[in-house]
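This report refers to the structure that appears directly beneath it.
The values are calculated or read from the model by the stated rules, or taken from the named source; none is laboratory data. In this text the structure is predicted, and so the values were computed from the model without any measurement. Cβ coordinates were reconstructed from backbone atoms using ideal geometry, including for glycine residues, and neighbour counts include every protein chain displayed. Note: areas computed on protein heavy atoms with side chains; ligands, DNA, RNA excluded. Shrake-Rupley method; radii C 1.70, N 1.55, O 1.52, S 1.80 Å.
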Amino acid sequence: MEKKILSYTVITSFSLIGLNILGYFFPGSMNWGFHFLGFLPPFFFIIYILLACVIFLLFYSGRLERLVSAGSALMENKPYTFLASTIFMFIVFAFVFRINASVLGDSFNMIYNFRSFASGVSYLAPWHEPLSMYVLYYAVTMIGSLDYSQLSASFFIIDIILGILFIIGTYYLVKRIFSSPLHKFMTFVFLTTLPYMEFYFGYIEVYAVSSLLLVLFILFSISTLQHKLPFYYVPIIWLLLTFSHYINGLLGPAVIYLAYLEYKEKRIKEVIIGFAGALIILLITLVAAEFDMERLINISPVSHFLSLTGNISAINSYSQAYTIFSIYHFVDIANYFIMMSPFAILIIIIWASYYKEESFFGNPLNLWFTIALIPIFLYYLVSKLEQGNASDWDAFAGQFFLLALFATVLFFQRENQLTAKIFSLIICVSLLHSLPWFAVNAPKESSIRRFQSLWNPHILSHLGNYTHALRLFRYYESQDDTLGQLDVWDRYSRIYPYDPRAYINELEVTNLYASNDYDRKIKTYERWALADPSNDSVRYALSSVCVNSGNKYFHDGKLDKAKNFYLKAILADSSSSRAYNNLGSVYAQQGKIDTALILFERAIKLDTSYAEALYNIGNVFMEKGNKKQAVEFIVQAARFGNPQAIEFLKK
């Protein structure tokens, strides 16, 4: 049996490496869980291949096992040296793989939330993680300002501190669970190589807080199972964990299971104290929030669950990319599990397939993990992540710590001669699998290109695509990159041409940074008018911009170009008196006064009080030698306030 497990591990390792190589040559939105190499420079791909070769050379030569044994000996004999060395390596990794473009997650929404609260515009929006939000806000403002560059540096410092605490918590957790030095070491290394470690590399989000609290919750729960810690700490830490992110509330059944075990062992007093303490903290929180639930959770009309069919309300259709049984849903799930911890899944599948006769339910630790995990992953399978699984990867990422830990617990319950050999390969390939993920999110260029590749209506809802664009726009805004901002809304409008926000946002950027770029404004309005031909206000605006552009060329003496823009204005809005008048001025300048007269008269028909057009008609008649009619029109123009007409009559 052990040889079969070894074979499965080797096959899975080669498969993962093969998928990453495939992702290098064909990076796209449908393989987002393993396409990271495709956005990195070729030299990184070469390094990846070389590392894979080194891993298998060490594996087949037996040196990996010796390295693992040496590491476990250091951890056992010199624990503080080991822990200090691990923390040092973590800090080095954090600096090497520091995130420089905060486009994943809700980074910029969080930044805007902090700024609104700091300026007194609104209270701190809790989203689904009020405790994390407040902790991070006060930590960030204690370090520096809310300017993007300063805030990014503050988050990096905070993430490193939380990451160190996470590592220390994980260290004591594995020491609590396992007695074998080898098992402690391998589990510890495995748990600190998975993609959720990205939370501690300058990731502007709440999950560094919630992941740390999750480690503490598991540590307290297992200590209670082993009778090393009173139960009453568990409900309190669970409540804090829940307030750090409400998804963690799904760990409630695991707390109830521990309470049941305490009840069976006649420790009812500790159960009452624990839940009473949690209730008191909850009441204090409600009082602090003045019983205003909107200060504790964002209330949204959007359903958090995928529908069985597409026959749903407009708002839920807007926020849903696919139904539960859609092939795209399964593609997203497959990508997510491949990205996060494929070996944990492999171990659990092997256990379920081959060790069914084992006394699984007789082991309280196995049962606790199962009760903890089932609600979370059932919820994941039916939950609707409006931003898409690829962008909202962080929502459930921390739970993979729990899954990976459970997998190692199961794995080491079957000790055999090949245990160290198998798991040493799992550790090395897991780290190799995570490296492209860490690397792609570090440089600005690769992280932006990968983020742009996720624009796909098959895996992103309309809402997801819009917030995707908004995240990218806000990043470019923080970098003062005008062209980047314009490109975002241009791309979005080509995916959703009927969404007016794309054109409105693009025009706002153009007016703010390039107000005289009439060509871009016209192109934007033309696309908008083409997408929504019945929208009169768009046609009127397009006509007005064309007139303004024509005026610019007219004053520069480029009459042919001016004429083209005035014609465009008339085509967009045939009731534009300005367009007819200004086009008449072009013909008048070119000496075609009869054509000019027709156009001026057309302008007057559209607007009988149009003083400039009246004055222009007067000039045409004056040029024709009809002074009487000329004066009549000039008098009318003066009556409507034309300054040139008024000046003429004074002479």
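Based on Cα atoms of the stretch 580-647, Rg over Rh with Rh as the Kirkwood radius reads 0.94. Work out the charge dipole of the chain with +1 on the Cβ of Lys and Arg and -1 on the Cβ of Asp and Glu about the Cα centre, then indicate which of Phe275, Ala611, Leu194 is farthest towards its positive end. Value computed over the given set: Leu194.
Angle, helix 627-639 long axis vs. longest principal axis of the chain, Cα atoms, 0 to 90°, nearest 10? Rounded to the nearest ten degrees, it is 40. Annotation: lysines with alpha-carbon distance below 16 angstrom to Lys184 (same-chain offsets under eight excluded): Lys78, Lys175, Lys421. Once C-alpha pairs closer than 8 Å and six or more residues apart are averaged by separation and normalised to the residue number of the stretch 507-644, the relative contact order reads 14 percent. Taking only the Cα atoms of the stretch 1-129, the radius of gyration and Dmax are 21.5, 64 Å. Counting Cα-Cα pairs of the chain in 10 Å increments starting at 0 gives whole-percent bin shares of 3, 13, 20, 21, 14, 9, 7, 6, 4, 3, 1, 0.
With +1 on the Cβ of every Lys and Arg and -1 on the Cβ of every Asp and Glu, and nothing else charged, how large is the dipole of the chain about its Cα centre, in debye rounded to the nearest 20? Before the final figure, lay out the partial values.
Working: 48 positive and 46 negative charges, 124 e Å.
So the magnitude is around 600 debye.
Note on Glu445: accessible area is roughly 130 Å² with a 1.4 Å probe, heavy atoms of protein only. Accessible area per residue (1.4 Å probe, heavy atoms of protein chains only) ranks Asp536, Asp490 as Asp536, Asp490, with the largest value leading. Our coupling estimate for the stretch 558-574, obtained by passing each phi through the Karplus curve with A = 6.51, B = -1.76, C = 1.60 and θ = phi - 60°, is 9, 5, 5, 5, 4, 4, 4, 6, 5, 5, 4, 4, 5, 5, 6, 8, 6 Hz, Gly and Pro reported as x. Placing one equal scatterer on every Cα of the stretch 95-169 and applying the Debye formula, the log10 ratio I(q)/I(0) at q = 0.17 Å⁻¹ is -0.68. Each part reduced to its alpha carbon centroid, the stretch 448-511 and the stretch 206-244 end up 40 Å apart.
When each of the peptides 138-147, 205-214 is scored by the mean number of other C-beta atoms lying within 10 Å of its residues, the order from highest to lowest reads 205-214, 138-147.
With all protein chains present, how much of the accessible area of the chain (probe radius 1.4 Å) comes from carbon and sulfur, to the nearest whole percent?
So the carbon and sulfur contribution to the accessible surface is 63 percent.
Please work out the Cα center distance from the stretch 272-333 to the stretch 358-420, rounded to the nearest Å. Their Cα centres are 22 Å away from one another. Using the alpha-carbon atoms, what tilt in degrees (0 to 90, nearest 10) does helix 42-61 show relative to the longest principal axis of the chain? With rounding to tens, the tilt is 10 degrees. Shape summary of the stretch 525-651, radius of gyration then Dmax from alpha carbon positions: 15.4, 53 Å.
Distance check, please: which entries in Lys552/Lys624; Lys605/Lys650; Lys523/Lys568 exceed 18 angstrom between their Cα atoms? List each step's numbers first, then the result.
Details: Lys552/Lys624 28 Å; Lys605/Lys650 28 Å; Lys523/Lys568 12 Å.
Result: Lys552/Lys624; Lys605/Lys650 exceed 18 Å.
Solvent-accessible surface of protein heavy atoms, probed at 1.4 angstrom with all chains present, puts Cys428, Cys546, Cys53 in the order Cys53, Cys428, Cys546, largest first. The residues of the stretch 124-215 present an accessible area of 27 Å² per residue when probed at 1.4 Å with all protein chains retained.
Annotation: peptides 575-588, 306-319, ranked by per-residue average of other Cβ atoms within 10 Å with the highest first, follow the order 575-588, 306-319. Taking Cα atoms only, the orientation of helix 233-244 departs from the longest principal axis of the chain by about 20 degrees.
Excluding ligands, DNA and RNA, what is the solvent-accessible area per residue of the stretch 532-595 at a probe of 1.4 Å, expressed in Å²? Before the final figure, lay out each step's value.
On the way: 3090 Å² over 64 residues.
So the stretch 532-595 comes to 48 Å² accessible per residue, rounded to a whole number.
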